[in-house]
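The next block holds one structure in the form of structure tokens; read it before the comments.
The values are calculated or read from the model by the stated rules, or taken from the named source; none is laboratory data. Quick caveat, the model's predicted, so the values are computed rather than measured. All Cβ positions, even for glycine, are placed from backbone atoms using ideal geometry, and neighbour counts span all protein chains on display. Keep in mind that these areas ignore ligands, DNA and RNA; they rest on the heavy atoms of the full protein, side chains included. Shrake-Rupley method; radii C 1.70, N 1.55, O 1.52, S 1.80 Å.
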Amino acid sequence: MDDRFNTTAGWVLFSGIVALGLSVLSGKYFHADKEDRPEQLGYVIEGVEAEGAGGGAAAPDLGTLVAAATPEAGEKVFAKCAACHTIAQGGANGIGPNLFAVMGTKIGAHAAGFAYSPALSGHGGQWDWESMDAWLTNPRAFADGTKMSFAGLNKPEDRAAIMVYMESMGGAPARPVPVVAEAATAEEAAAVEGEAAAEGEEAAPAAEAGA
């Protein structure tokens, strides 16, 4: 009885030692004890970009958007504002102030007799293209505490269009220059300077020879 029990216990102990050894070896071989990502994935899904690789194209600059916008498109977008604002010359104030010729005026002081919120009347600055774009993007972020409940326009094309429509209704400051046009102007200026410098260098030897 004792010999049989000892034999059985010995085999059980031996099996446990073998299993433990195999576990250690397999862990080292398959890196089971490591939390690092495998150097090469098992398979790659075609058409799926890696995280953080190549984001979307940058949005056009404000000058480019304004240059492409039309008053007609802006009038359609302004329909979202018509419940609170009028824009015709001489139009009455409503929930919001009349917006005729608002572009270029002092922020929070355009419509006489309208009760602007302190957040807006105390903001400072003028309604230029950049400030109006920021206001239309998110009024509460532009002037925290404003009474205006409109959430804002997400599409930069819509904001540019509505500003061009405002421009057609009473004027506006000078438009922002598109980045591409600004770069081209800088290149032209550099080219002119280079030509002038080259002409100066050519004229110098001639003057020395005449002397």
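Amide H of Q126 versus every other amide H placed in the peptide plane: which residues, excluding those fewer than 5 positions away on the same chain, fall under 5 Å?
Placed amide hydrogens put I107 under 5 Å from Q126.
Hey, what do the phi angles of region 91-101 turn into as Karplus ³J(HN,Hα) couplings, whole Hz, using 6.51/-1.76/1.60 and θ = phi - 60°, x for Gly and Pro?
With coefficients 6.51, -1.76 and 1.60, one gets x, 7, 6, x, 4, x, x, 5, 10, 5, 6 Hz.
Which whole-Hz ³J(HN,Hα) couplings does region 67-79 yield from phi under the Karplus relation 6.51 cos²θ - 1.76 cosθ + 1.60, θ = phi - 60°, glycine and proline marked x?
Per-residue couplings from phi come out as 4, 8, 7, 10, x, 4, 5, x, 5, 5, 5, 5, 4 Hz.
Test of the criteria: in region 110-159, which trypsin sites (Lys or Arg not before Pro) are in a DSSP loop and have at most 14 other Cβ atoms within 10 angstrom of their Cβ? Before the final figure, lay out each step's value.
Values: sites: R140, K147, R159; in loops: K147.
Here the sparse-neighbourhood loop sites are K147.
Residue by residue, what Karplus-based ³J(HN,Hα) values in Hz, rounded to whole numbers, does region 167-172 have, using 6.51, -1.76 and 1.60 with θ = phi - 60° and x for Gly and Pro?
These are the phi-based 3J(HN,Hα) values: 4, 6, 9, x, x, 6 Hz.
Roughly speaking, what is the stretch gain from I95 to A79, that is 0.36 nm per residue apart minus the C-alpha to C-alpha distance, in nm to one decimal? Walk me through the numbers before you get to the answer.
Values: separation 16, 0.36 × 16 = 5.76 nm, distance 1.48 nm.
Roughly 4.3 nm would be gained on extension.
Accessible area per residue of region 105-167 at 1.4 Å probe, in Å²? Don't skip to the end; give the middle numbers.
Details: 3030 Å² over 63 residues.
Roughly 48 Å² per residue, with all protein chains present.
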